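So the structure is just underneath, and the comments pick up after that.
The values are calculated or read from the model by the stated rules, or taken from the named source; none is laboratory data. Because the structure is a prediction, the values reported are computed rather than measured. Because the Cβ atoms are built from the backbone with ideal geometry, glycine has one as well, and the counts that use them run over all protein chains shown. Calculation scope for accessible area: heavy atoms of the full protein, side chains included, ligands and nucleic acids excluded. Shrake-Rupley method; radii C 1.70, N 1.55, O 1.52, S 1.80 Å.
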Amino acid sequence: MHTSHRRISRLAVLAAGTALFLTGGGSLAQAQAKVGHATPAPHLSPATAPSGGPSADPSTGPSAEPTPSVSTGPSTPSATGEPTASPSASPSGSAATETGDDGFSDEDAIRFWTPARMASATDPARPEQQADPSAKARLRRAAPADPGVAADMPTAEHILGLPSVGTIFTYDTDPTTQRMHAHHCSASVVESPGHNLILTAGHCDGGKAVFVPMYAAEQTLDKQQFGFYRVARFFTDNRYVHETKKPISDLDFSFGKLEPSKSGKQAQDVVGANTLVRTPGYLNKVTMVGYPSSHDPEDHPVRCPTQTEALPGFYQIQAKCRGMWGGVSGGPWFSKVDWKKGTGEIIGNTGGYYGGGDDANDDWLTYSPMHGDWFFRLYDEAKNNQVPQHGTTYDQPPLPYSMGGGETWSHAKLMASGEYTGDGKGDLIVVWTDGEVTLYTGDGNGGFTGERRLATPHGMFQNAKSITGGDFAGGNGSDLLVVFDSGEVRLFPDAGTKGVDGGIKLADAGSIWSHADQITGGSFGTAKYVSDLLVRWSDGEVTDYTAVGDKGFGTEHQLEKPKSAWKDATLVTAGDFTGGNNWDTLVRWSDGHVSQFQETGPGGAGKEIQMAPAGSIWSHDSVMTAGSYDSNGWPDDLLVRWSDGETTMYTHTGATFGTEHMLVAPK
């Protein structure tokens, strides 16, 4: 199927090192992927990194900025290594920082940024900074490889760059710090009426800044292929506080207004511009791009294709990737990117909680604020050259509901579908490995709006073997039928409203039901409601119980004799995938192939068709259930929890798997 290659690659080892997503030619020739541990700085393959630096093919990318003919002159540092001039600068974090009309010219930038300074990938060493760990708060770090980090976590790989993405070099002349930075942040050119805006992080603003698109460390400032652009003003939300772990970190984004280049051209006219769109939700496939200067002496750009998920408690998303070291802050998170053209669609930027990462407990995570209402208000203000004035307080917007991450969902042991809340929409009950039971409320569009606990951990459900939903007791909502390891069977009528305490005992411990390995409810006979039960026994026998109720199991029909092929059935669920009189049964076998038995009923399991071959990705299907979760109101939606915790729904499943929607990102 169309998703198999993606998941196989992830489950195999994403860090194996093939260069991903490089679809265009021209200036963006393929660079060698980084493999192995995250601690060493990645490097470009000599075959793809000419000594003269990356080049762009004018026939396939934006036109190159003519090289300025200004020679570099010697700088005049003070005894401390800083230039003797000390022009004023607005405090970092102010709503708007002027940097273009105070005598800081292109010639000043060229004289200041000597080859030696540009080659220094980290801040120059100063005793007081080395003694103060907080001075390094701006630097994004990634954790060294260790056994606790997933082996299939993606690793940042070097590329030659994108013309619309570059670096910010800053000289901050605040007299209280006298701090000089080499480049400590990344940025991208975004669409604007003046063709002169960049997007970066809020904690990257301030100082006398220069933006260098597709920065090539092999070249001096005056020899950069696409030129350089002084930042005239930063537009940062006035409420933002640098490097905080509080909700105000949701506002860690900033726009910079650029001066024209030495030749009078605007950046967008030279390198193109990226489109900004709202972050659609917590779960997104993105490619992060940035310059990890703090651990990369060569200062080459990297990209990391990865998957985002929610950062709980924040209006932010997070992504896992090794090698996103300090310097990538402010860099774009692309939802789409045309590598040949050099631009794309941006839905995030590195920043947010604690400046985008660097928390001692999760160094390998990178964060981005959600691009929502406040982001686009700031964008409008930057386009109109207006000073941001957003009041003094920040009220966090309602956070979109998140089902959590793959680490949690790898502990989902059993799942059952049904209409448990009385609103006519499909809901999900999950039994976790510790015995907790959770009800997820469906939204009727293939997603969920909330959750609530039905049973606490370490109770009776810790010994549940198989569960299913159905309308067995004739109430207003779906019921939950549970087979326990002991052979006890209990029915919990209207489980969503009445809970799962007590229930009705249908079989005692020690009964034959200790050999029932899988059960699934459905409409397998003539009943109008979902009141039939298909059972796969440990010896391979398959039976269909019609008209199951709160008084007993109804009438038993043998569909497969003992020692049949069904002894190798690993997972079983049912839904109405063909639209016939009876429901259909879906089986995942021990060798990974998936079969659908159409029109299961008292007369037999039905016609078998193959949906996935042996050895397929479906060998990683750990739990599955089917129900009615989307707007068509039909029980043809298949929900799967994979071995890595990823949880997906296949809506409108028929003889083939339906459209896949990710509900939970992999761990």
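Of the residues examined, residue 571 is not one that is farther than 19 Å from residue 417 by Cβ and in a strand (DSSP E or B). Based on what the data block shows, is residue 379 on the phi > 0 side of the Ramachandran plot and open to solvent by 10 Å² or more (accessible area, probe 1.4 Å)? No, not satisfied. Kindly list the number of the only condition in (1) surrounded by fewer than 18 Cβ atoms within 10 Å (Cβ to Cβ); (2) closer than 23 Å to residue 599 by Cβ; (3) in contact (Cβ under 8 Å) with a residue 60 or more places away in the chain that fails for residue 497. The one condition residue 497 does not meet is (2). Screening residue 438 with (1) surrounded by fewer than 21 Cβ atoms within 10 Å (Cβ to Cβ); (2) out of contact with any Leu (no Cβ under 9 Å at 6 or more places or on another chain); (3) among the polar types (S, T, N, Q) gives one miss only, at (2). Applying the criterion of being assigned to a loop (DSSP other than H, G, I, E, B) and aliphatic (A, V, I, L, M) to the residues of the stretch 271-288, the residue that is nearest to residue 158 (Cα to Cα) is 273.
In this structure, is residue 388 of a type outside the set (Ser, Thr, Tyr) and either surrounded by fewer than 24 Cβ atoms within 10 Å (Cβ to Cβ) or in contact with a Cys (Cβ under 6 Å, 6 or more places away or on another chain) (or both)? When the stated conditions are applied, residue 388 passes them. For the stretch 349-357, the count of residues that are part of a strand (DSSP E or B), touching a helix residue (DSSP H, G or I) at 6+ places or on another chain (Cβ under 8 Å), modelled with pLDDT of 95 or more and of a type in the set (S, T, N, Q) is zero. Considering 523, 478, 531, the condition of being touching a residue at least 40 places away in the same chain (Cβ under 8 Å) and either within 23 Å of residue 641 (Cα to Cα) or within 34 Å of the chain's Cα centre (by Cα) (or both) is satisfied by 478 alone.
At least 1 residues being over 21 Å from residue 639 (Cα atoms) is the threshold, and among the strands (runs of 3 or more DSSP E) wholly inside the stretch 380-455 those reaching it are 448-455. Within the option set 479, 471, 443, being surrounded by 24 or more Cβ atoms within 10 Å (Cβ to Cβ), touching a strand residue (DSSP E or B) at 6+ places or on another chain (Cβ under 7 Å) and of a type in the set (D, E, K, R) holds for one residue only, 479.
When we screen 248, 317 for residues that are among the aliphatic types (A, V, I, L, M) and open to solvent by 20 Å² or more (accessible area, probe 1.4 Å), the only hit is 248.
Of all residues in the stretch 289-310, those satisfying the criterion of being assigned to a loop (DSSP other than H, G, I, E, B) and either among the β-branched types (Val, Ile, Thr) or open to solvent by 20 Å² or more (accessible area, probe 1.4 Å) (or both) are 297, 298.
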